Amino acid sequence: MLSSDTLLNGIKTDSFGRKTYTFATIDSTNSCARVLAGCWAEEGTVVYADEQTAGRGRLGRTWTAAAGENLTFSVILRPAILPGQINLLPLVAALGVARGIETCCGISVQCKWPNDILLNGRKIAGILLEGSVTERVQFVVAGIGVNVNQTVFPEEIRARATSIGRETGVSVDRPALFRAVLESFEHEYRAALSTNFRDVLPRWLTYAPMIGRKISLRHESFEVHGLVSGISKDGGLIVSSEGKERTYLAGDVTITDLEPYAAHN
Ligand code: BTN
């Protein structure tokens, strides 16, 4: 198991990871972090596990990751933002994870709305944000799963998922990547909060060339086919379909036109 000393060795963050709980095995780092957040754990507290037995993904899915080959961790956030701004946090987290991976691994990745990270068109990282929101945001837990060195994937996700190591042919130093992602996430988060999210959308769009692309968006029992016409100020996906524009705040997007999804550079 990776110890906190190994994970945090030389980390350059102010608060992210300063308090880190590490587990060999846990049900879900997000579940644990939510309990800690409810007990007033401070902002930046991290829960890390080498293995999750009940890892959770977006839209009620499970997140499976081979033990000891990947990164699965959660960060507690206490942003002083309005509840209406909460859908911008997935984009901030995606920017942080994308930049951290690029810096550490020397590769170019893409983002897919709202917060998947893709390499060569396949998913290498996912982010699950869960929060407690009343009239204000009490806390948000950002759960991050990065497929780092795993080479074999379950049949049902094999076509869509890959890992950094599998794509590059190079084994990635997991603690170094953990630190790079935390440093970059903290930087993006602080910048977003201090500027009232001013640069988040344009910056995220440089990683996510989705505008004008044909997509299908699925959520629960509905599916819409259309063209992406933009991202709304509050982080929703604007889809134009049958002459009407609608904004969606959740869903699973598949890009359905034939052009390859362009690499960020
Ligand atoms: C997704 O793409 O569906 C989001 C996946 C998020 C997975 C991470 S792994 C660490 C944290 N703990 C969880 O149970 N889920 C998130």
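Quick note: the coordinates plus some simple rules give every number you see, no bench work behind them. Because the structure is predicted, anything quoted here is derived from the model rather than measured. Every residue, glycine among them, receives a Cβ derived from its backbone with ideal geometry; neighbour counts consider all protein chains shown.
Express the relative contact order of the range 36-85 as a whole percentage, based on alpha carbon pairs under 8 Å and six or more residues apart in sequence.
Relative CO of the range 36-85 lands at 45 percent.
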From largest to smallest, what semi-axes in whole angstrom does the chain give when each is the square root of 5 times an eigenvalue of its alpha carbon gyration tensor? 27, 22, 17
How many angstrom separate the Cα center of the range 54-124 from the Cα center of the range 227-249? 22 Å
Read phi for every residue in the range 49-63 and hand back ³J(HN,Hα) as whole Hz from Karplus 6.51 cos²θ - 1.76 cosθ + 1.60, θ = phi - 60°, with x for Gly and Pro. 9, 6, 8, 10, 9, 9, x, 10, x, 5, 6, x, 7, 9, 10
Using alpha-carbon pairs under 8 Å, 6+ residues apart, how would you state the relative contact order of the range 154-265 in percent? 18 percent
Name the most mobile residue of E155, E220, E43, meaning the one with the largest mean-square fluctuation, in a Gaussian network model of the chain with Cα contacts below 10 Å. E155
With a Förster radius of 45 Å, plug the Cβ-Cβ distance of R160 and S4 into 1/(1 + (r/R0)^6) and report the FRET value to the nearest 0.05. 0.90
Take the alpha carbon gyration tensor of the range 129-227, find the square roots of its eigenvalues, order them as a ≥ b ≥ c, and report rounded if a/c is under 1.5; if not, report prolate when a/b exceeds b/c, else oblate. oblate
Once the Cβ-Cβ distance between Q138 and K19 is put in as r, and R0 is 25 Å, what FRET efficiency do you end up with, to the nearest 0.05? 0.85
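For Cα pairs less than 8 Å apart in space and 6+ apart in sequence, what is the mean separation divided by the residue count of the range 79-181, i.e. the relative contact order in percent?
26 percent
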Starting from the Cα gyration tensor of the range 1-157, take the square roots of the eigenvalues, sort them a ≥ b ≥ c, and report rounded, prolate or oblate (rounded when a/c is under 1.5, otherwise prolate if a/b is larger than b/c, else oblate). rounded
List the aspartates and glutamates whose alpha-carbon lies under 12 Å from that of K12, not counting same-chain residues fewer than 8 positions away? E183, E186
